[in-house]
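Chemist: What follows is a structure written as structure tokens; I'll ask about it next.
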Amino acid sequence: MCGISGFIDFTKKSDLSVLKKMNDTMYHRGPDGDGLKMYNTTNALIGFGHRRLSIIDLSEGGSQPMEYKHLHIVFNGEIYNYNEIREELIALGHQFKSHSDTEVILHAYEVWGLTCIHKFIGMFAIVLLDVEKNEVYFIRDRAGVKPLFYYWQNDILLFASELKAIVAHPQFEKQLNIDSVSCFLQYGYIPNPHCIYQHTYKLNPGHYLHFNLSTKEITKGQYWNVYDAYNKPELKIGFEDAKKETEKLLTNACNYRMVSDVPVGVFLSGGYDSTLVTALLQKDRTEKIKTFTIGFEDKKINEAEYAKDVAKHLGTDHTEYYCTEKEALEIVPDLPFYYDEPFADSSAIPTTLVSKIARQKVTVALSADAGDEVFAGYNRYDYMMKFGKKIKAIPSPIRKSIASFMHIMDADSIPVLKNKYLFHSRYEKVKQFLKQADDASMNQVLSKQFLQEDIDKLLLSKPSKLLTAFDSKELNGNRYSTLSYIMAIDYQTYLVDDILQKVDRATMTHSLEGREPFLDHRVIEWAAQLPVEYKYNNGIKKHILREITHQYVPKEIMDRPKMGFGIPIEQWLIVDLKHMVQAYFDIAYLEKQNIFNVAETRKVIDAFYNGKKERAEKIWYLFMFQMWYDKWMK
């Protein structure tokens, strides 16, 4: 894993020093080396920059930018099956100078063109220049494990693994996108392809950009779509056979992600997903797999004891580290630098901490993200399956009448209940469910922190709605189910722009490569066709994964309530971070900033500090935006 950056400058004002400045902002992504290359074409000056974290082929032969004939590449990620593709190319007469997967990409492109992507099992952000055809391709992996940002304005295209490299270019115009601010306040992240800055985008997963250097025409294409899997006929397969095939596929995906010339470990939380990944890797190995867990003194958020039991049962080389509250709090001021777009998932903090611990012993760490999205693991899936059906069963006139009454009857006016924790937010969500009881609307309500009507009050400028994967209607009617619908949406939204961004930045903060077995595209292509009841069975989430896991770890060790990888943000905001919150939401600061309605914003802040503890998440979202703004916009 590495970091890439560069430009295509038709004004030809950029130079090598600018490219170096962009590249150096991402030193943490690749401390093992840097590569810079300039290409002066007929009508554009092109710069490719690369930060290297040596994982495969540690020699200079793996350095980038890499050239082969008329092809030039910078690449971030791993092609796990590169050895098989390499052998196929050798049989066709190709010769290789290195043992790197980067060189394999170049040769594969020469033979198969863009269709070579379909051969790749891996995670990748690729920028490939073909000087003969005078064109550049930008390609992002199917699931979006590797980030790729780009900016196109005033005859210059900038690209990078992180926004900070783009911002470092002197011709970048830093303009806030207020529509993206609205999205952030809703979701805690900005859904692809949108970005916090104007004229700046994330390349969607499973997509490519084709840039014709002669005409300056950019064409966007999609080479893979998760709905292609969900829309295939349901597999006619018995549960036991499905279980065997799922285990076989997951084992293969895990083993591929052990391909490395440096030490590899596993993040182990003790939950079903990470336990299964660890079990599948350890079962056929005599050498103990290195596992890593972060622990907290707060019993409500501490999973370390469960992970320790699992590690002991499986016989791994386990590292357990209990971090202090002080260590966790010290990460907060650094969040805006590493997450250089507003980002509100507080589990970024423990993920950063466990990455720091793992990096002391390994350079690559496997994590079990996406098990929830692929095999139905989230608690809100329960809410949709149980309560959603009941609400949809209420006749529309009655639903809307109840919603109208609730609109008049504010939550604060309801005796006793108004003092219950989370009552206000749950009251609002139920009201929204009653207003519009379809899957898309209810899923949106469950996915949002601030609702649109809240944001319209908070922001001085009325934002426009951005089109995102939340708006997709690609799931065919004959395969449609509530569960498949929300899982497919999550795969393209929350998974990509929250979970994967979190893991990428947290691991890269400490120059650690993160790998995701559940995001092998073959896994979702298989799981999407399984009968829904194999994933969600009478209220049991991740049914098939649980049954596979119980073959390796006894049910009594595993059975416990699902826990998030969280931190006590309510307590932090009340005590340790209160001075920062008050500074960022000082009336004078807000007036000068000129983004938020001062009275409405202060109302939210004051309500929290006057006892509305359920609003802690809302305060955290606002606080994270203000920290980002202070770092990057002032």
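Chemist: Find the Rg to Rh ratio for the chain, where Rh is the Kirkwood radius over alpha-carbon pairs and Rg uses the same atoms. Please list the in-between numbers first.
Modeler: Working: Rg = 24.6 Å, Rh = 25.7 Å.
Ratio of gyration radius to Kirkwood radius: 0.96.
Chemist: Using a/c under 1.5 as the rounded threshold, could you call segment 122-190 rounded, prolate or oblate? The axes a ≥ b ≥ c are square roots of the C-alpha gyration tensor eigenvalues, and prolate needs a/b larger than b/c, oblate otherwise. If you can, show how the numbers build up before the last one.
Modeler: Details: a/c = 2.55, a/b = 1.33, b/c = 1.93.
It comes out oblate by the Cα gyration axes.
Chemist: Let me ask something additional. Which of LEU129, PHE172, VAL111 sits farthest toward the positive end of the charge dipole of segment 2-224, with +1 on the Cβ of Lys and Arg and -1 on the Cβ of Asp and Glu?
Modeler: Going by the Cα projections, it comes out as PHE172.
Chemist: May I pose another question? Of the DSSP beta bridges with both residues in the chain, give the percent that are antiparallel, rounding to the nearest 5. All intermediate terms of the calculation are to be shown ahead of the outcome.
Modeler: Numbers: 61 of 77 bridges.
Percentage antiparallel, nearest 5: 80.
Chemist: Which peptide among 25-38, 2-15 comes first, and what is the full order, when sorted by highest mean count of other Cβ atoms within 10 Å? List each step's numbers first, then the result.
Modeler: Details: 25-38: 18.5, 2-15: 22.5.
Listed from highest to lowest mean packing, they are 2-15, 25-38.
Chemist: Nearest 20 debye, what's the magnitude of the dipole of segment 260-403 about its Cα centre given +1 on Lys and Arg Cβ and -1 on Asp and Glu Cβ?
Modeler: 900 debye
Chemist: Among ILE289, ILE605, ILE218, which comes first, second and so on when ranked by fewest other beta-carbon atoms within 10 Å?
Modeler: Details: ILE289 24, ILE605 20, ILE218 14.
Placing the least packed residue first, the sequence is ILE218, ILE605, ILE289.
Chemist: Report the charge-dipole magnitude of the chain in Debye, nearest 20, computed about the Cα centre from +1 at each Lys and Arg Cβ and -1 at each Asp and Glu Cβ. Intermediate values should be presented prior to the final figure.
Modeler: Working: 79 positive and 83 negative charges, 321 e Å.
Around 1540 debye, computed over the chain.
Chemist: Next question. At a 10 Å Cβ-Cβ cut-off, how would you order SER100, SER461, fewest neighbours first? Write out the running numbers ahead of the final one.
Modeler: Details: SER100 25, SER461 12.
Going from sparsest to densest Cβ surroundings: SER461, SER100.
Chemist: Further question on the same structure: I want to verify the translational diffusion coefficient of segment 568-634 in µm²/s; compute it with Stokes-Einstein, Rh as the Kirkwood radius over Cα pairs, at 25 °C and 0.890 mPa s.
Modeler: Working: Rh = 12.0 Å.
Translational diffusion coefficient: 204 µm²/s.
Chemist: Just want the answer: with Cβ charges of +1 for Lys and Arg and -1 for Asp and Glu, which residue in ILE595, VAL362, GLN95 is farthest toward the dipole's positive end in the chain?
Modeler: ILE595
Chemist: Mind checking Rg over Rh on segment 281-374, alpha carbons, Kirkwood formula for Rh? Spell out each step's value before the answer.
Modeler: Values: Rg = 14.8 Å, Rh = 14.9 Å.
Checking Rg against Rh, the ratio lands at 0.99.
Chemist: By count of other Cβ within 10 Å, fewest leading, how are ASP520, ASP261 ordered? Display every interim value, and only then the final one.
Modeler: Numbers: ASP520 26, ASP261 14.
Ordered from fewest to most neighbouring Cβ atoms within 10 Å, ASP520, ASP261 come out as ASP261, ASP520.
Chemist: For segment 621-626, what does the Karplus curve 6.51 cos²θ - 1.76 cosθ + 1.60, with θ = phi - 60°, yield as ³J(HN,Hα) per residue in whole Hz, taken in order and with x for Gly and Pro?
Modeler: Coupling constants for segment 621-626: 4, 5, 5, 5, 5, 5 Hz.
Chemist: Find the Rg to Rh ratio for segment 2-224, where Rh is the Kirkwood radius over alpha-carbon pairs and Rg uses the same atoms. Walk me through the numbers on the way to the answer.
Modeler: Numbers: Rg = 16.9 Å, Rh = 17.7 Å.
My calculation of the ratio gives 0.95.
Chemist: While we're here: Take each of the peptides 621-628, 308-315, average the number of other beta-carbon atoms within 10 Å over its residues, and list them starting from the highest.
Modeler: Working: 621-628: 22.0, 308-315: 17.8.
Ranked by mean Cβ neighbours within 10 Å, highest first: 621-628, 308-315.
Chemist: Just how large is the dipole of segment 568-634 about the Cα centre, in debye to the nearest 20, putting +1 at every Lys and Arg Cβ and -1 at every Asp and Glu Cβ?
Modeler: 60 debye
Chemist: Against the globular-protein guess of 2.2 N^0.38 Å, express the Cα radius of gyration of segment 394-520 as a ratio, rounded to two decimals. Write down the numbers at each step before the final one.
Modeler: Numbers: Rg = 18.7 Å, N = 127, 2.2 N^0.38 = 13.9 Å.
Dividing the Cα Rg of segment 394-520 by 2.2 N^0.38 Å gives 1.35.
Read the figures in this text as sums done on the coordinates, not as results from a lab. These numbers come from a predicted model, not from an experiment. As a convention, Cβ positions derive from the backbone with ideal geometry for all residues, glycine included, and neighbour counts pool all protein chains shown.
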